[in-house]
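Any read-out appearing in this document is the output of simple, stated calculations on the displayed coordinates, not a laboratory observation. As the structure is a prediction and not an experimental result, all values here were calculated from the model. Ideal geometry is used to build each Cβ from the backbone, glycine not excepted, and the neighbour counts take in all protein chains shown.
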Amino acid sequence: MERWMLEGPETIPLDQVDKLVVKLVAGHVDVVATDGPPRVELHEIEGAPIAVTDADGVLSVGYEDLGGVFDFDSTTAKEALQGLGNALRDLLQNGWTSETQEWARRFSWFGNKRRAVVSIAIPPRCPVRLNVVYASAVVAGIDGETKVKSVSGEVTLDSLSGSVDAHTVSGDLEAQVLDGRLQFVTVSGDLTVVQATSDRIQGRTVSGDLTADLDLATDGSVELSSVSGDVTVRLAPTTGAKVDCVSTSGSMTSGFDGLAREHKPGKRALHGSIGDASGRIEVRTVSGAVHLLPRRVPAKEQA
Amino acid sequence: MTSVFGHGRLRLYLLKLLDEEPRHGYDMIRLLEDRFMGVYAPSAGTIYPRLNRLEEEGLVSHEVVEGKKVYRLTDAGRAELAERSDEIEALEQDIDRSVRDLAREVREDVRSSVRNLREELKAAAREVRDADREGRDDHRRPWDEIGDIPGWAETKEAMSKAFKESSKAWRTEWEHGFGGEGKTAKRVVRELVRNTELLRDEVRRAVKTHADETALREANTTIESTLARLRGLFR
């Protein structure tokens with residue numbers, strides 16, 4: 001295993017990368033596919049140094065003590081806070097014990113300024129896992145699976161053919177040219193997908209808007225749900241799908257013919273089939289508006 | 001997306017190096033290293049198979065000089081290069097840039113696509129909605145004509161279910177995903193849950209006490225303001 005601790009701008013060339021894991025707090029991270037040599041470029045850094053490790057092709061970039069932040073499987077936030085409270089009380093009563101040290105280590109990043117701007121070039125086939133708190137992220141050209149967790153950082157994706165699984169609290173997800181399955185879960189982040197050919201798109205939000213422009217694969221599916229965010233789906237006019245859109249009070253518009261509408265207090269719906277009905281479009285909202293639109297063929301192509 | 005050596009661009013660059021003059025494979029490795037300021041150190045295992053393939057395609061040929069293979073461009077290779085001169089130019093520009101510059105371009109590109117799409121869709125939705133309205137006034141029947149107000153039970157159920165689900169899902173998300181965010185996480189979850197409960201109570205009350213249009217409107221207003229509060233928390 002090779003390991004570098006970076007405290008200032010530096011470029012680390014690497015031989016081989018099979019998998020990438022990034023853990024950052026604030027700042028920005030780029031992950032770009034390359035046929036050339038993999039490398040890590042650190043452009044800016046404030047606060048603690050960044051660790052870059054290469055363990056048999058698994059490239060890790062970020063703060064090593066951040067593990068507990070994203071990998072809480074058994075410990076809930078509440079338990080973590082209680083633990084911290086206990087540790088502080090312990091510190092006051094008993095002084096510096098090993099338990100207090102453990103908690104201090106786990107929470108040391110919190111409140112510290114930790115900011116880094118990092119660019120990483122890796123082979124396209126690599127799976128990518130990004131965990132960021134406030135940092136924004138760009139991922140481009142990757143064929144491997146991409147998993148992103150972000151609290152408030154904005155996530156930008158371009159030309160990904162692997163599956164994408166993104167979770168944010170308030171961070172927006174903007175993507176173009178996606179070919180793999182997409183799942184996005186957020187509280188208030190917006191989802192915008194341009195030119196997707198994914199066979200499955202799933203989006204879940206409370207107040208964010210979900211917007212997708214896509215060529216639905218035969219037997220592909222789109223499942224979007226929101227409480228108050230608007231849902232807009234634009235499809236090729238030749239799309240074939242069973243359509244099932246239901247909202248409590250959100251308005252419904254459809255530019256496709258042949259869909260039955262329901263409009264009564266407490267329920268608005270758009271049901272039916274378009275084209276050969278091979279795919280599936282399912283939208284659920286409470287108060288968010290639902291728009292189902294056919295893509296217009298550009299004038300020059302019509303001529 | 002254009003990574004410096006994505007999509008067969010290394011192959012193209014090898015052709016370009018051979019266009020300058022005939023070279024040994026080793027020369028080409030060294031030249032690539034120089035041009036990439038040491039960042040790119042291609043191995044023999046990367047370069048030679050590509051040269052072999054180029055030779056199979058008839059774009060380069062080799063002769064052995066003093067025991068070493070010297071590669072040169074064939075007419076077919078020159079034709080291919082001439083045809084792809086635009087790509088070469090773009091490639092040379094890219095070579096001078098770092099990953100950061102490439103990513104910045106990607107970001108700007110995606111951002112502008114997203115902005116365009118949003119505007120287009122907004123306009124399209126407006127158009128469709130206007131066309132809808134003209135033909136579908138019958139949907140806007142007054143409430144008293146509807147009769148038994150079948151919507152209320154559904155409203156109540158749908159809202160409370162949706163909120164219960166999203167609140168539960170998000171509590172899980174937070175605990176598993178961002179647990180260590182500490183105070184912020186807990187505060188957000190607590191606020192989310194509290195607001196959800198408030199909203200549910202509000203809807204229940206509205207449904208119980210005055211099942212009319214005003215009540216539904218009030219319920220909706222409550223939802224909207226609650227969500228505005230939630231949004232305020234995160235943004």
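Points to keep in mind about this one:
- Sum of side-chain charges, B:Ser61 neighbourhood, beta-carbon under 9 Å (Lys, Arg +1; Asp, Glu -1): -1
- Relative contact order (%) - the stretch A:163-303, alpha-carbon pairs under 8 angstrom, separation at least six: 21 percent
- When its C-alpha radius of gyration is set against 2.2 N^0.38 Å (N residues), the stretch B:9-102 gives a value of 1.08.
- 10 Å Cβ neighbours from other chains, averaged over peptide A:125-134: 1
- Taking amide hydrogens as placed 1.01 Å from N in the peptide plane, the amide H of A:Val290 sits under 5 Å from those of A:Val231, A:Ser251, A:Met252, A:Thr253, each at least 5 positions away in sequence or on another chain.
- Close amide-amide hydrogen proximity is noted between A:Phe184 and A:Ala166, A:Gln202, A:Gly203, A:Arg204, each under 5 Å apart and 5 or more residues distant or on a separate chain (H modeled in the peptide plane; Pro and chain starts excluded).
- Shielding by partners - mean other protein chain Cβ count within 10 Å, residues of A:213-219: 1
- Under Karplus coefficients 6.51, -1.76 and 1.60, residue-wise ³J(HN,Hα) of the stretch A:14-29 in Hz, glycine/proline x: 10, 7, 9, 10, 10, 7, 10, 10, 10, 10, 10, 9, 10, x, 7, 9
- Using R0 = 30 Å, the C-beta based FRET efficiency linking A:Thr218 and A:Glu262 works out to 0.60.
- What separates the Cα centres of the stretch A:143-214 and the stretch B:57-84 is a distance of 45 Å.
- Separation in nanometres of the label points that stand 7 Å from Cα toward Cβ, at B:Asp86 and A:Ala55: 4.8 nm
- Taking amide H atoms as placed 1.01 Å from N in the peptide plane, the amide H of A:Arg295 lies under 5 Å from those of A:Leu235, A:Ala236, each 5 or more residues away in sequence or on another chain.
- Net +/- balance of residues flanking A:Ile12 in space, Cβ distance below 15 Å, scoring K and R +1, D and E -1: -4
- Here the Karplus curve 6.51 cos²θ - 1.76 cosθ + 1.60, taken at θ = phi - 60°, turns the phi angles of the stretch A:37-42 into couplings of x, x, 7, 10, 10, 9 Hz, with x standing for Gly and Pro.
- Normalised by the number of residues in the stretch A:119-229, the mean separation of alpha-carbon contacts (under 8 Å, six or more apart) gives a relative contact order of 17 percent.
- With a threshold of 30 Å on the Cα-Cα distance, the over-threshold entries among A:Lys149/A:Lys267; A:Lys242/B:Lys122; B:Lys16/B:Lys68; A:Lys149/A:Lys242; A:Lys242/A:Lys264; A:Lys264/B:Lys122 are A:Lys149/A:Lys267; A:Lys149/A:Lys242.
- The stretch A:119-265 shape via C-alpha gyration tensor axes, a/c threshold 1.5: oblate
- Using the average count of surrounding beta-carbon atoms within 10 Å as a protection proxy, the listed peptides B:18-26, A:150-158 rank, highest first, as A:150-158, B:18-26.
- On the basis of the beta-carbon distance and an R0 of 35 Å, B:Tyr48 and A:Glu46 show a calculated FRET efficiency of 0.20.
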